[in-house]
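Only one structure is covered here, and it is reproduced in the block below.
The values are calculated or read from the model by the stated rules, or taken from the named source; none is laboratory data. Here the structure is a predicted model, which means the values were calculated and not measured. Cβ atoms come from the backbone with ideal geometry, glycine included; neighbour counts cover every protein chain shown. Please note that ligands, DNA and RNA were not included when accessible areas were found on the heavy atoms of the full protein model with its side chains. Shrake-Rupley method; radii C 1.70, N 1.55, O 1.52, S 1.80 Å.
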Amino acid sequence: MIITIDKKMQDSIKKNLLDTLYKKGFEVLMQEGIEYDVLLLTEGDTGMCCADIRMVEGVIDVFENSSSYHLASREFHNEDSIVRVNGCSIGGKEPLCLIAGPCAVESKESIETIGMAVKEAGVDVIRGGAFKPRTSPYAFQGLGFEGVSYLVECGKKLKKPVICELTNIAHIEAYKDVDIIQIGARNMQNYELLKAVGKLDKPVLLKRGMASTVEEWILAAEYILKEGNPNVIFCERGIRTFEKSTRNTLDVSSIAVLKEKTHLPVVVDPSHAAGNWKYVKALALAGVAAGADGVMVEVHTQPENALSDGAQSLTVNHYEALVKELEALSVVLGRKCR
Ligand code: PEP
Ligand code: MN
């Protein structure tokens, strides 16, 4: 149940209201709003209905939450949430956020070369995986902890925040200087991992599971929010369908749905959806046109020699061209690009 209360409610009346709710066994979460405050009630005595609560002094309105998630919903938090990290903001009316870099950190030199190139072309966050979740155990698995530290060093050198995928709770300490934690598609429903990152004081980019519904995805975000971390960013990266001409099918509609149902920022990853660099630009533009707050793409100085996902990696020239197109589209959409 969701209750809206008068912002100017006297403390004694508020205390009475909260006491009544606690006695009925409700767990109460409060969200301060501009015109009124919102209380979210979970658990509790089902015998107490909306009409009963509406009678309590100071209560403006009460309604049943229409969805299975709460904290992520617009009913609980109407304004767009903006995630801020190390000089970069994602969501709301903030400029489009550009995240770019290689699929995997391959060496100290290569992440720095690629980082420098994307910085020159225009980038807000530098990406690079270190523990790569590969379908084949024989494929390049990433540089592990070494990869994390090369990425962090690169971010410090270039004065840009960095994002790196976390696959294991035991690795959290090694990610302390990583600015944004990425939860990959394969771990979207790894609930212990979600709870663990929910306890961190850093933003989490939550990719959509390759066969997950939007509701399951929002509920995964709810796990992180419920632990106290409000800085969750969704990332649509395509889902598995019967279609074989692309690696995954970019579900552009999910971006519009998320924007309606939740207040959290959304980023589009056209690289893992396309699986082929030739389609990356079109999908990136489609995602932004659908309302994405940012774009995450894989870029490599030598895609043909990349140790993972070379086929979908943009060259630096392609990336520069993409940034220009995104800038032009942003103008049309009334939104800045950096
Ligand atoms: C990645 O971003 O490199 C990655 C592994 O993505 P996903 O989890 O979407 O497959
Ligand atoms: Mn990749």
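Please verify whether L40 is farther than 15 Å from I60 by Cβ, modelled with pLDDT of 85 or more and not small (G, A, S), treating the condition exactly as stated.
Considered against the rule, which asks whether it is farther than 15 Å from I60 by Cβ, modelled with pLDDT of 85 or more and not small (G, A, S), L40 comes out as no.
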Quiz item: Could you count how many residues in the stretch 302-324 are surrounded by fewer than 16 Cβ atoms within 10 Å (Cβ to Cβ) and in contact (Cβ under 8 Å) with a residue 40 or more places away in the chain?
Solution: 1
Exercise. Please list, ordered by first then second residue, the pairs with beta carbon atoms under 6 Å, 6 or more apart or interchain, first in the stretch 71-95 and closer than 21 Å to L41 by Cα, second open to solvent by 20 Å² or more (accessible area, probe 1.4 Å) and part of a loop (DSSP other than H, G, I, E, B).
Key: S73/S67; E75/N65; F76/H70
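To keep it simple, each residue is scored yes or no on (1) more than 21 Å from E222 (Cβ to Cβ); (2) out of contact with any Leu (no Cβ under 8 Å at 6 or more places or on another chain).
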position	(1), (2)
I2	no, no
I5	yes, no
I13	yes, yes
T42	no, no
E64	no, yes
Self-check item: Meets criteria (away from ligand 1 (no atom under 12 Å from the Cβ), without any contact (Cβ under 8 Å) to a residue 60 or more places away in the chain and open to solvent by less than 40 Å² (accessible area, probe 1.4 Å)) for G184
Solution: no
Practice problem: Kindly list the number of the only condition in (1) more than 16 Å from V316 (Cα to Cα); (2) touching a strand residue (DSSP E or B) at 6+ places or on another chain (Cβ under 6 Å); (3) more than 16 Å from ligand 1 (Cβ to nearest atom) that fails for G142. | Solution: (3)
Exercise. Mind listing just one residue for me: the one in the stretch 1-31 that is over 32 Å from the mean Cα position of the chain (by Cα) and in a loop (DSSP other than H, G, I, E, B) and, of those, nearest to M48 (Cα to Cα)?
Key: K24
Exercise. Determine if the stretch 65-80 includes at least one residue that is crowded, with 18+ Cβ neighbours inside 10 Å, touching a helix residue (DSSP H, G or I) at 6+ places or on another chain (Cβ under 9 Å) and not in a loop (DSSP other than H, G, I, E, B).
Key: yes
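Do you know which residues across the stretch 250-264 are touching a strand residue (DSSP E or B) at 6+ places or on another chain (Cβ under 6 Å) and either open to solvent by 10 Å² or more (accessible area, probe 1.4 Å) or of a type in the set (G, A, S) (or both)?
Result: D251, S254.
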Quiz item: Which helices (runs of 4 or more DSSP H) does the stretch 188-264 wholly contain that include 2 or more residues that are more than 16 Å from ligand 2 (Cβ to nearest atom), under 21 Å from N78 (Cβ atoms) and touching a residue at least 60 places away in the same chain (Cβ under 8 Å)?
Solution: 214-226, 252-261
Quiz item: Within the stretch 51-105, how many residues are of a type in the set (A, V, I, L, M, F, W, C) and within 30 Å of V297 (Cα to Cα)?
Solution: 15
Quiz item: Of the residues that sit in the stretch 265-300 and are part of a loop (DSSP other than H, G, I, E, B) and within 16 Å of ligand 2 (Cβ to nearest atom), which one is surrounded by the fewest Cβ atoms within 10 Å (Cβ to Cβ)?
Solution: N276
Self-check item: Scope the stretch 132-149; condition surrounded by fewer than 22 Cβ atoms within 10 Å (Cβ to Cβ) and under 15 Å from I111 (Cβ atoms); matching residues
Solution: K132, F140, G144, F145, E146, S149
Quiz item: Taking the stretch 150-159 only, how many residues are open to solvent by 10 Å² or more (accessible area, probe 1.4 Å) and out of contact with any helix residue (DSSP H, G or I) (no Cβ under 6 Å at 6 or more places or on another chain)?
Solution: 5
Quiz item: Counting only residues that are among the aromatic types (F, W, Y) and within 20 Å of D124 (Cβ to Cβ), how many does the stretch 143-164 have?
Solution: 1
Practice problem: Note down all Cβ pairs under 7 Å where the first residue falls in the stretch 98-122 and is in contact (Cβ under 8 Å) with a residue 12 or more places away in the chain and more than 16 Å from ligand 2 (Cβ to nearest atom), the second is among the aromatic types (F, W, Y) and in a helix (DSSP H, G or I), and they're at least six residues apart or on different chains. | Solution: K108/Y150; A121/Y319
